[in-house]
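Derivation of every value follows stated rules applied to the coordinates shown; laboratory data play no part. Remember, it's a predicted structure, so these values are computed and weren't measured experimentally. Here the Cβ is made from the backbone with ideal geometry for all residues, glycine too, and neighbour counts use every protein chain on show.
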Amino acid sequence: MGRIWGHHKGAAVAWAVCICLGAFVILAWAFIPPAISSPEHSFRIEPEYDRFLQRVVFSLETSTKDLSLHEDIIRSLPEYSEVLMLLPEKRAQDIGRQLEALGLRQKVRLMAFSSRVVGKEEAYRLYTRHAELRKLKKRHFMPRGSVWAQDLFEVGRDEDGTSAILAPFIHKWFVKPDAQWGQRLESDNVFVEKLASGGIEFKKLPLVFKGGNVLVDKLGGRSIAFAGGDVIRDTQLVLEATLGKKVSSAEVVEGLKLYLNVDRVKVIGRQTSQPVKMFHLDQAMVLLPGGVAAVTRIVDYELASASREVDEVRCLLGELRAELRALGYTIVDIAATVEDVENFRYYVNGVPYVNKSTGKREFLMPLFKASFEGDNWELFRSNISSIESLGYMVIPVYTRANERRGGIHCIVNVIS
């Protein structure tokens, strides 16, 4: 462990250079920052359910034509919410006009970033499902942005109240600047640094993760992070391919513990890639105060007729429930049908928060087109009742994000 996570005399200086605003230099894995007691690691990740939706981040990509995925969520936010919207410069003028037409322009602060075209000879993409990096076969914009703001970063808070963006080593795409692997890699998540202009610090971590696949909680006075197994595999793959550093799964877990500044880490889905139909933990559960986890439950599963993909989801949920029970969590079932699973309709993929104006806890719950059909409406109403029984006011938010394999939690990232 010492060769990877041990102290190095020059580490503090090296890390300061690494996280400096606008820097794209990623240091070798052996250069590790000081212990978590240092000022660089004074932040803590606050559970989402204790945040106020005071500042939230949305993100668009170069191909985004309209705000159909975002409008209903923005309208459902509290009056006091400030929206920071990351978007490509080429889309800024048109999106600004659309916001004006929708009457939402005053609520949204546009944060435009520039893109450039990169060739297939230098750009690579991470394919988590197959645990491989592939060269691009054609030219692409870089960075291209993302509609899934949740997956871009985690949010920490320093002791003085300053928010810090904790971004992964790479997101999905990255560029190597020459024919040889070097220490300088430009990732497609570089545009997230635009948030620094809003008074938010930016820290790039030597880990590869999607925010929706890392959930942080407080349990029994200690902090705990749940991470999907793909976080371990992706980190190992990328660090070996780009920096030539082989790290064990145990070392990655220690890295998560160190950089997220949590007391313990639980990995869900260690053995194989996470299911195609449930590839992030925020599709499996939402963590709530007092050691409560609302967990997806497939209500009409039948072994004889279930597809392999649904079986994979059921196995992951079984593993998750066993881990939660062992930790002492109270599990609340949130129903989903096999058809829901097949179509990425997960009612846990919502946003819990405290309404700053009233002090009451509220939950933005996804409402899908299929929720209105047949018995689905009763299932939806039952899920609302389950969340309401925990002291929450549920606010349904219509969404078609599932048609792109996401949900409303995937679309928004809450700063404070």
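Averaging the sequence gap over all C-alpha pairs within less than 8 Å and six or more residues apart, then dividing by the number of residues, gives the chain a relative contact order of 18 percent. In straight-distance terms, cross-link reach from Lys172 covers every one of the aspartates and glutamates whose alpha-carbon lies under 15 Å from its own, apart from those fewer than eight places away in the same chain; here that gives Glu61, Glu122, Glu132, Asp151, Glu186, Asp188, Asp230, Asp234. Label reach from Arg297 (point 7 Å along Cα→C-beta): in the stretch 383-402, amide nitrogens under 11 Å belong to 383, 386. The residues packed around Phe209, meaning those with a beta-carbon under 9 Å from its beta-carbon, carry a net charge of -3 if Lys and Arg are +1 and Asp and Glu are -1. Residues in the stretch 185-192 carry Karplus couplings, in order, of 10, 10, 9, 6, 8, 4, 5, 4 Hz; the curve used is 6.51 cos²θ - 1.76 cosθ + 1.60 with θ = phi - 60°, and Gly or Pro positions show x.
Can you classify the chain as rounded, prolate or oblate using the Cα gyration tensor, where a ≥ b ≥ c are the square roots of its eigenvalues, rounded means a/c under 1.5, and otherwise it's prolate if a/b beats b/c and oblate if not?
Working: a/c = 1.41, a/b = 1.24, b/c = 1.13.
Rounded shape, in that the Cα axes give a/c under 1.5.
Please name whichever of Pro275, Leu136, Val351 sits farthest to the positive end of the charge dipole of the chain, dipole taken about the Cα centre and charges placed at Cβ: Lys and Arg +1, Asp and Glu -1. The residue sitting farthest along the positive end of the dipole is Leu136. Simple spin-label estimate for Glu339 and Trp377 gives 1.4 nm between the two label positions (7 Å along the Cα-to-Cβ direction from each Cα).
The 3J(HN,Hα) values that the Karplus relation (6.51, -1.76, 1.60; θ = phi - 60°) gives for the stretch 87-102 are, in residue order, 7, x, 3, 5, 9, 4, 5, 5, 5, x, 5, 5, 5, 4, 5, 7 Hz. Gly and Pro appear as x. The listed peptides 310-322, 101-113, ordered by packing as a protection proxy, come out as 310-322, 101-113 (highest mean of other Cβ atoms within 10 Å first). Farthest toward the positive end of the dipole of the chain, out of Ala294, Gly391, Val262, is the Cα of Val262, where the dipole comes from beta carbon charges about the Cα centre. Mean separation of Cα pairs under 8 Å and 6 or more residues apart, divided by the residue count, gives the stretch 149-263 a relative contact order of 23 percent.
So which GluC sites (Glu not before Pro) in the stretch 338-416 are both in a DSSP loop and have at most 14 other Cβ atoms within 10 Å of their Cβ?
Glu373
Summarising the amide proton neighbourhood of Val397: residues at separation of 5 or more, or on other chains, whose placed amide H is nearer than 5 Å comprise Met365, Leu367. Computed from the C-beta positions of Glu79 and Arg125 and an R0 of 56 Å, the FRET efficiency is 0.90 to the nearest 0.05. Couplings for the stretch 243-248, taken from phi via the Karplus curve 6.51 cos²θ - 1.76 cosθ + 1.60 with θ = phi - 60°, read 10, x, 9, 8, 10, 7 Hz in order; Gly and Pro are left as x. Counting charges near Glu61 (Lys, Arg +1; Asp, Glu -1) among other residues having Cβ under 9 Å from its Cβ returns a value of +2. The calculated FRET efficiency for the pair Arg270 and Arg139, based on their C-beta separation and a Förster distance of 35 Å, comes to about 0.40. About its Cα centre, the chain has a charge dipole of approximately 1100 debye under the convention of +1 per Lys or Arg Cβ and -1 per Asp or Glu Cβ, with nothing else charged. When the Gaussian network model of the chain links Cα atoms closer than 10 Å, the mean-square fluctuations of Val299, Val214, Val338 top out at Val299.
Helix-derived [θ] at 222 nm for the chain: sum -39500 (n - 2.57) over DSSP H runs of at least 4, divide by residue count, nearest 500?
Using -39500 (n - 2.57) per qualifying helix, the result is -7000 deg cm²/dmol.
What percent do you get for the relative contact order of the stretch 60-132 when only Cα pairs under 8 Å and 6+ apart count? Taking the mean separation of contacting Cα pairs over the length of the stretch 60-132, I get 33 percent. Taking a ≥ b ≥ c as the square roots of the Cα gyration tensor eigenvalues, the stretch 42-132 comes out oblate, since a/c reaches at least 1.5 and a/b does not exceed b/c.
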